[in-house]
1. Among the listed residues B:313, B:299, B:309, which satisfies the condition of being in the same structural domain as residue B:399 (by TED's automatic domain parsing) and surrounded by fewer than 17 Cβ atoms within 10 Å (Cβ to Cβ)?
2. If we scan region A:57-74, do we find a residue that is in contact with a helix residue (DSSP H, G or I) (Cβ under 7 Å, 6 or more places away or on another chain) and outside any helix (DSSP H, G or I)?
3. Tally up the residues in region B:194-215 that are free of Cβ contacts under 8 Å to residues at least 60 places away in the same chain, over 17 Å from residue B:297 (Cα atoms) and surrounded by 12 or more Cβ atoms within 10 Å (Cβ to Cβ), please.
4. What do you reckon, is residue B:290 assigned to a helix (DSSP H, G or I), surrounded by 21 or more Cβ atoms within 10 Å (Cβ to Cβ) and under 23 Å from the mean Cα position of the chain (by Cα)?
5. State the number of residues belonging to region A:50-97 that are at pLDDT 90 or above and either within 14 Å of another protein chain (Cβ to nearest Cβ) or under 15 Å from residue A:14 (Cα atoms) (or both).
6. Condition (residue is in the same structural domain as residue B:238 (by TED's automatic domain parsing) and at pLDDT below 80) applied to region B:376-393: is it met by at least one residue?
7. Quick check on my filter: what residues within region B:232-244 are surrounded by fewer than 19 Cβ atoms within 10 Å (Cβ to Cβ) and either outside any helix (DSSP H, G or I) or in contact with a helix residue (DSSP H, G or I) (Cβ under 8 Å, 6 or more places away or on another chain) (or both)?
């Protein structure tokens with residue numbers, strides 16, 4: 001991707017790259033490619049194969065998980081500066097959720113080969129990148145625990161089940 | 001004091017048929033709650049005894065769980081709700097029945113009773129449909145599995161919107177209000193008389209009229225049915241307009257497959273219960289009058305048309321419209337249509353069908369201690385009239401089809 005100062009400025013705001021030095025940031029920017037989506041366009045579906053992660057540059061993406069038939073639960077909205085799809089990038093497993101554009105959106109794509117290039121040629125930058133990613137993972141794990149609790153509360157309220165006095 | 005958290009909400013993404021279409025819906029836990037259908041334990045697992053307080057003269061009931069030997073004291077209001085927790089009646093319907101019966105409603109009554117019953121293990125939260133349970137039991141058979149999958153798929157087809165109030169308000173403002181004027185009532189009555197006269201004239205020559213179908217009677221009757229289906233949407237629209245006319249809110253309008261196989265349009269005008277009985281009756285009856293008007297117009301068109309296909313088509317359309325009018329307004333057909341709601345509202349017995357079916361079931365099983373009083377007479381009358389009416393309805397339709405095809 002031709003790296004503009006605008007892209008570099010954006011990447012500095014992205015948590016994953018915030019701690020990178022300028023030369024490393026430039027190296028990362030060279031490895032990213034841009035992809036645009038229309039509103040409502042599906043990026044990938046749950047169980048699709050994939051080995052890329054995405055950073056939202058503009059717009060909002062919706063991450064959803066199948067519940068039954070055509071109904072899915074919205075897990076999270078990914079806004080500009082945040083990322084998703086990293087699990088398949090790291091372990092090559094099928095996509096664990098579907099992702100679609102809630103608005104017109106522009107994404108930056110980091111593929112597995114590009115990540116390998118980063119690890120080989122800028123190991124320090126790669127280490128910083130992975131460290132930031134682990135921190136985000138921990139935050140997401142905490143959030144998903146809260147989501148499970150909230151879904152359980154929904155179930156209890158919807159059934160009127162009184163567990164306090166049982 | 002701990003602040004109570006806001007009701008939990010789930011955000012759901014519902015995909016449409018096309019690849020990229022989807023819509024987002026927020027479902028509050030309260031919606032799930034009012035749509036749940038509490039199911040009391042089977043009759044062999046509980047006993048109910050009535051006790052009357054000599055001091056207050058109040059009736060109360062003792063409910064015993066025979067499996068756990070736990071006892072509960074129920075008020076008359078709670079007993080009313082308990083008797084309707086049959087796994088088929090949603091909490092929303094329970095609340096409606098409660099309001100109609102007692103003319104009041106304290107929202108805490110139902111959740112409090114549910115908690116009490118759950119603690120005494122007298123309530124389950126099983127899904128309601130008996131058909132579904134039978135299908136689930138026999139899922140091993142391929143054909144049953146296919147039927148279940150089809151029903152499940154069809155039932156999920158709901159094209160509806162909850163944001164319809166502005167639409168109905170606009171429709172009412174742009175002329176819908178005219179339907180609820182004296183002029184409209186007079187015009188409707190005049191059309192009914194003219195349509196009836198035309199229908200009588202056509203009736204005398206029915207053989208000749210229906211012969212106009214020629215060799216394509218079955219196809220024509222199917223087209224008549226399809227056209228009729230469109231008028232069901234108009235029927236529901238008028239219900240919605242009536243609701244708005246009385247300054248209440250239309251909660252939902254749409255299309256679905258009732259029970260997974262009956263295609264139908266629907267409108268949610270539950271809010272009309274917050275107003276007068278007159279408003280409820282007008283709302284119920286006005287939708288059905290769409291069929292009166294359309295039927296009359298078809299009969300008038302048929303009477304003026306030369307003998308031939310159009311005359312036969314218009315006559316058949318008139319018949320089906322007026323048949324729909326009768327089915328909608330006639331309360332005795334086991335279906336809770338508009339006429340049924342007017343009847344139970346007038347009689348003040350909101351659970352007539354439920355009670356009548358329970359009573360008839362006991363009678364058929366030869367249950368001991370079956371009451372015979374005025375209420376029981378009403379129940380027997382309802383069941384008998386409904387059974388006879390349905391038989392007559394089926395016979396009439398068979399007769400029309402035989403007549404048209406022979």
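The values are calculated or read from the model by the stated rules, or taken from the named source; none is laboratory data. As the structure is a prediction and not an experimental result, all values here were calculated from the model. FYI the Cβ positions are ideal-geometry reconstructions off the backbone, even for glycines, and counts take in every protein chain you see.
1. Every option except B:309 fails the conditions.
2. yes
3. Going through region B:194-215 one residue at a time, the tally reaches 1.
4. Numbers: assigned to a helix (DSSP H, G or I): yes; surrounded by 21 or more Cβ atoms within 10 Å (Cβ to Cβ): yes; under 23 Å from the mean Cα position of the chain (by Cα): yes.
Judged against the criteria, residue B:290 is a match.
5. Going through region A:50-97 one residue at a time, the tally reaches 29.
6. Taking every residue of region B:376-393 in turn, none turns out to be in the same structural domain as residue B:238 (by TED's automatic domain parsing) and at pLDDT below 80.
7. B:234, the sole residue that qualifies.
Let's see how each residue does on (1) under 15 Å from the mean Cα position of the chain (by Cα); (2) over 23 Å from residue A:135 (Cα atoms); (3) surrounded by fewer than 20 Cβ atoms within 10 Å (Cβ to Cβ):
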position: A:28; (1), (2), (3): no, no, no
position: A:39; (1), (2), (3): no, yes, yes
position: A:42; (1), (2), (3): yes, yes, yes
position: A:61; (1), (2), (3): yes, no, no
position: A:80; (1), (2), (3): yes, no, yes
position: A:87; (1), (2), (3): yes, no, yes
